[in-house]
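A.B. asks: For reference, the structure I am asking about is given below.
The values are calculated or read from the model by the stated rules, or taken from the named source; none is laboratory data. Since the model is a prediction, treat every value here as computed from it, not as a measurement. Cβ placement follows ideal geometry from the backbone for every residue including glycine, while neighbour counts extend to all protein chains displayed.
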Amino acid sequence: MILIITALMIEAAPLIEHFRLRRDMSIHEFPVYRNADIALIVSGVGKVRSAIAATYLLSICNTKYNKDIENVNDDSCIKDHTLVNIGFCGASETQYEIGSLILINKVIDMDTGIDSYPDVFVGKDLPAETLCCFSKPISKEDFENINRKSVFCDMESSGIMEVAKKFTYAHQVVILKIISDYLNPKNLNKETLKGYLAKQMPKIEQIIKEVKQLNYYFSKNFTDKIFKEEEKIILEAISENLKFTHAMKQILLNEVKKAKLEGTEPIKILEAYSKVKVNSKTEGKKFLNEITAKLNAKD
Amino acid sequence: MKLQQNLMRKTDKKENNKEFAGFMDIQEHFRDVKDVKVDAKSEREIFRNIYVEEAAFDYPITKAVLQKYIHSNIIPIHHYKDVFNRTNQHYGMQKQYPALILAIKSDPLLYKGPDVCQNFGFSNFYYTSFLLNCIFDCEYCFLQGMYPSANLVAFVNIEDFKDAITKIVSNEREPVYLAASYDTDLIAFHGIIPYLDYFYDFFSTLPNLYVEVRTKSAGQIFYEEHAALENFIVAFTLAPEEVIKKYEKYTPSLKARIKAVKKAIDKGFKVRLCFDPIFIDTEYESLYEKFYDYIFSEIEPGKILDVGYGFFRMPVDFYKRIKKQKSNSKLFIDDYCLIDGIVSYPTALQEEVKEKHFAILLKYIQKDKLFAL
Ligand code: SF4
C-alpha cells in the first residue's frame, strides 16, 4: 500500500479529494483516510508526531487493512508498504518558484546532525534536493545563524526517515515537498497553499503511479508470492491436520516452492493429504517425508 | 584531456549498450530486458544519483566523472559507509538502478587472498578492490551476500593504492600475485572509470608483480589501446550460452566474449580462461561437454596461458543472506552440501563431473595448465 503522511489537514485535503479517500471512522487517534491501495494519515506538526503517525499507519496496515494483501511469509508484509511524506517546505534561495515540487534525496536532522538517504527510484523528472529537518519553523533571521549556503527546511521528514530505517526498505520511502515560502512562514494563506498542492497534483499522481509500479515489480521479483489462494488453503490445512511444527511447515513450504519453481504443479499431490489427520507429531513427520519424496519424485 | 577522452569514448557500441542495460530505468524492466536499447538520453542517466564524499571532490577521477555525468544528482556525504552500509537497502532493487558513490579508501588497501579464490600457483596472493560491486548482475554473485548495497563504490585515491602495492611488492621476495578485478569487472567498467589506464604504466614498472584482471566484458578498447605486458593477465570467464542467459544478467553473449578473447590474444595479452562457476544441474550438465569443444574450436589452445575451473560455491553466511532476499530463485532453493563453511555440491558429485569435464579439457590443455579449486 501507499501510506501518505501529511502534517496538516490543508496538505491532506487536496490529496483526499483527488484520490477519493474516505475517513476511517473506527480510528480516533489520528485522522486516517483510505481507499483500496492508499492510506493517508494527518500527523500534526513535527518529527516526533510524524514518526508516531507513520508507525501507527504501518501497524494498522499490517493488521486491520492487511486482509486483502496476499502474504505467505510472516515477516514479509511490512516490506510491501511505501511511506510517502507530502508537505510544504521553506527555501532560503529563490532558484525554484513558490509552489514548485521537489523530491528529497537526503534528509539532515538539524538537531542530531544525522543524515538519512532514501533510495530515490521514482520521479526522475523532478528536481532533487537535500532537506534540513528542524524542530521549529525557520525564518530568514534563523537561517543567518545556520552554517549553510542554502537550505530547504521542513519539520517532519527526519521522523519519517527514522521509521523507514526501521520498517521499510530504503526505496520504500518518498519525501515530496512543495515550496511554500522563502523563509517567511508567517504570511501564508491557507487557500493559496491548497492551490499550490492542487496544481502539483498531476506530478504527485505520477509519482504515486511509479511507486505502485515499483511495489509491483518488487513483490513480483523478490517476495514469496508464488502460491495460489487454493494452495495456501491446502498448505494451511495440511500443516494443521498433520500437527506440523513451525519448522516442519517451513520445510513443506520450501519443498512446494521448489517444485513450483521447477515448473511442476504440486496441487494434486497436496490435495491427497489435505484431509488426512494424525494424532502425534511423529506421525506427522512421516507424512512430511512422504509428501517431500513425492514432490521430489515429480521433478 | 586524455582522461576525459577515455571516459567519453565508446567501442563495440552494441555490447557496451548491453552492459549498460543494467542501469535502465526500472520501468523498462516491465518489458523484456533484452529488448531494451540504451539511447543517448538514458545513457546520460546511467547514474541518476552520484554520492560524493566531501573529501573526494578534489580528486581528478571525481572531477572527470562529475563532468561526464552532468545530469546526475550530486549528493555530498561524509563517508561512503553512511550510504553504502545502511541497514534497510534492497540489493536486488538497487541492482536495477544503482547509484555511484565516489569515495576515498582508507587502509587496508590490499588483502591477502582467501581460500575460495584460485591462486594459480602463487603463494603471495593478494587482492584489491578499486571498485566495490559490479555493473553486471549474476544470479550466483557472492557480492549480494557480502555487501549490504548494490550501489557501486569507486575509490578515487589511486595514488594511495599504488603506494600500498609498491610497499607489498618491495617487502616480498617471491613474486606477488594481485587479483585486481576478482569481485568486480574493471574492464566492463572501463567506459565509466578507466582504472586500468591509470594503473597501466605503474604495473609495467613492477616486474615482480603479476596482475590478474577477471572479466566477462566484451569491451575491446583496453586491448586496442595498450600493448601487452609480461605481468598482466586477462582472465575471461566463459560459460555455455544457456547459463549466461539464465544466470548472468546484463553480461555479453558467449560469442561476443570470444571475440574479445581473440582480440586480446591477437594483441599479445596473456589470456586465462575461467570456467567458473560450473553448475551441476540436470538442465545444464550435458551442455558443458559441447561447450568446451566449441571454445577450443574458436580459441587456439596453444595461445592460452592456462585455465581456471571451479564449481558454484559460496560462504554459508553469504548464501543464507542471498537466499533470504532472493526467495524466488531456483539457484538458492536447491540442496547443497556445507563443507568448512562453504556451500557447494557434494564432493563426490564434484569429482565425478570434474573427471568427465577434465577428460575433454585435457584434449586441449596440458594438465599443469589446468587449475581447479
Ligand atoms: S561479473 Fe562477477 S562480480 Fe560481476 S556480477 Fe557477475 S559474478 Fe558478480
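A.B. asks: Test each condition in (1) at pLDDT 50 or above; (2) more than 10 Å from chain A (Cβ to nearest Cβ) for B:Y91 and report the one that comes out false.
C.D. replies: (2)
A.B. asks: Still on this model: Across segment B:94-114, what is the number of residues that are modelled with pLDDT of 90 or more and at the interface with chain A (Cβ under 7 Å from one of its Cβ atoms)?
C.D. replies: 1
A.B. asks: Scan segment B:302-329 residue by residue and report those that are out of contact with any strand residue (DSSP E or B) (no Cβ under 9 Å at 6 or more places or on another chain) and either within 30 Å of B:A264 (Cβ to Cβ) or within 14 Å of chain A (Cβ to nearest Cβ) (or both).
C.D. replies: Within segment B:302-329, the subset out of contact with any strand residue (DSSP E or B) (no Cβ under 9 Å at 6 or more places or on another chain) is B:302, B:317, B:321, B:323-329.
Once the filter is applied, which keeps residues that are out of contact with any strand residue (DSSP E or B) (no Cβ under 9 Å at 6 or more places or on another chain) and either within 30 Å of B:A264 (Cβ to Cβ) or within 14 Å of chain A (Cβ to nearest Cβ) (or both), segment B:302-329 yields B:G302, B:R321, B:K323, B:K324, B:Q325, B:K326, B:S327, B:N328, B:S329.
A.B. asks: Turning to a different aspect of this structure: Give me a count of the residues in segment B:52-84 that are free of Cβ contacts under 8 Å to residues at least 24 places away in the same chain and within 14 Å of chain A (Cβ to nearest Cβ).
C.D. replies: Within segment B:52-84, residues that are free of Cβ contacts under 8 Å to residues at least 24 places away in the same chain and within 14 Å of chain A (Cβ to nearest Cβ) number 2.
A.B. asks: Additional query: For B:R257, are the conditions met, namely being within 14 Å of another protein chain (Cβ to nearest Cβ), of a type outside the set (A, V, I, L, M), within 16 Å of the ligand (Cβ to nearest atom) and in a helix (DSSP H, G or I)? Working first, answer last.
C.D. replies: On the way: within 14 Å of another protein chain (Cβ to nearest Cβ): no; of a type outside the set (A, V, I, L, M): yes; within 16 Å of the ligand (Cβ to nearest atom): yes; in a helix (DSSP H, G or I): yes.
No; evaluated as a whole, the condition is false for this residue.
A.B. asks: Follow-up question, since we're still on this one. With (1) among the acidic types (D, E); (2) within 14 Å of chain A (Cβ to nearest Cβ); (3) part of a helix (DSSP H, G or I) as the list, and B:D293 as the residue in question, which single condition is left unmet?
C.D. replies: Among (1) among the acidic types (D, E); (2) within 14 Å of chain A (Cβ to nearest Cβ); (3) part of a helix (DSSP H, G or I), B:D293 violates only (2).
Residue-wise test of (1) in a helix (DSSP H, G or I); (2) touching a Lys or Arg at 6+ places or on another chain (Cβ under 8 Å); (3) surrounded by fewer than 17 Cβ atoms within 10 Å (Cβ to Cβ); (4) on the phi > 0 side of the Ramachandran plot.
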site: A:K177; (1), (2), (3), (4): no, no, no, no
site: A:E205; (1), (2), (3), (4): yes, no, yes, no
site: A:E231; (1), (2), (3), (4): yes, no, no, no
site: A:Q250; (1), (2), (3), (4): yes, no, yes, no
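A.B. asks: Just one of B:E159, B:E172 is at pLDDT 95 or above and not hydrophobic (A, V, I, L, M, F, W, C); which is it? Before you say what the answer is, go through the steps one by one.
C.D. replies: Numbers: B:E172 fails: at pLDDT 95 or above.
None of the other options fit; the residue is B:E159.
A.B. asks: Also, quick follow-up: In segment B:334-359, what residues are more than 26 Å from B:K323 (Cβ to Cβ) and crowded, with 16+ Cβ neighbours inside 10 Å?
C.D. replies: Correct list: B:H357, B:F358.
A.B. asks: Pull out all pairs, ordered by first then second residue, where Cβ-Cβ is under 8 Å, the residues are six or more apart or on different chains, the first lies in segment B:245-262 and is more than 10 Å from B:A218 (Cα to Cα), and the second is away from the ligand (no atom under 14 Å from the Cβ) and in a helix (DSSP H, G or I).
C.D. replies: What qualifies is B:K249/B:V33; B:Y250/B:V33; B:K262/B:E298.
A.B. asks: Kindly indicate the residue of segment A:243-281 that is among the aliphatic types (A, V, I, L, M) and away from chain B (no Cβ under 14 Å) and also farthest from A:E229 (Cα to Cα) among those meeting that condition.
C.D. replies: Initial filter on segment A:243-281 (among the aliphatic types (A, V, I, L, M)): A:247-248, A:251-253, A:256, A:259, A:261, A:267, A:269-270, A:272, A:276, A:278.
Add one more test, that the residue is away from chain B (no Cβ under 14 Å), and what stays is A:247-248, A:267, A:269-270, A:272, A:276, A:278.
On the way: A:A247: 22, A:M248: 20, A:I267: 11, A:I269: 16, A:L270: 13, A:A272: 17, A:V276: 20, A:V278: 24 Å.
Here the residue is A:V278.
Yes/no matrix, rows are residues, columns are (1) modelled with pLDDT of 95 or more; (2) assigned by TED's automatic domain parsing to the domain that holds A:I16; (3) under 19 Å from A:L58 (Cβ atoms):
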{"residue": "A:G87", "(1), (2), (3)": "yes, yes, yes"}
{"residue": "A:I102", "(1), (2), (3)": "yes, yes, no"}
{"residue": "A:D119", "(1), (2), (3)": "yes, yes, yes"}
{"residue": "A:I146", "(1), (2), (3)": "no, yes, no"}
{"residue": "A:K165", "(1), (2), (3)": "yes, yes, yes"}
{"residue": "A:K177", "(1), (2), (3)": "yes, yes, no"}
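A.B. asks: Now a separate question. Let me spell it out: the conditions are (1) out of contact with any helix residue (DSSP H, G or I) (no Cβ under 9 Å at 6 or more places or on another chain); (2) at pLDDT 95 or above, and B:K255 meets all of them except one. Which number is the exception?
C.D. replies: Among (1) out of contact with any helix residue (DSSP H, G or I) (no Cβ under 9 Å at 6 or more places or on another chain); (2) at pLDDT 95 or above, the lone unmet condition for B:K255 is (1).
A.B. asks: Moving on. So which residues in segment A:111-133 are surrounded by 21 or more Cβ atoms within 10 Å (Cβ to Cβ) and more than 11 Å from chain B (Cβ to nearest Cβ), if there are any at all?
C.D. replies: Within segment A:111-133, A:L131, A:C132, A:C133 meet the criteria.
A.B. asks: Now, a different point. Out of all the residues in segment A:207-216, which are exposed (fewer than 15 other Cβ atoms within 10 Å of the Cβ) and more than 14 Å from every other protein chain (Cβ to nearest Cβ)?
C.D. replies: Scanning segment A:207-216 gives no hits.
A.B. asks: Here's a follow-up. If a residue must be without any contact (Cβ under 8 Å) to a residue 60 or more places away in the chain and assigned to a helix (DSSP H, G or I), how many such residues does segment A:179-190 contain?
C.D. replies: Residues in segment A:179-190 being without any contact (Cβ under 8 Å) to a residue 60 or more places away in the chain and assigned to a helix (DSSP H, G or I): 2 in total.
A.B. asks: Do the conditions hold for A:H171, that is, is it within 30 Å of A:P118 (Cβ to Cβ) and within 29 Å of the chain's Cα centre (by Cα)?
C.D. replies: Details: within 30 Å of A:P118 (Cβ to Cβ): yes; within 29 Å of the chain's Cα centre (by Cα): yes.
For A:H171, the condition - within 30 Å of A:P118 (Cβ to Cβ) and within 29 Å of the chain's Cα centre (by Cα) - is met.
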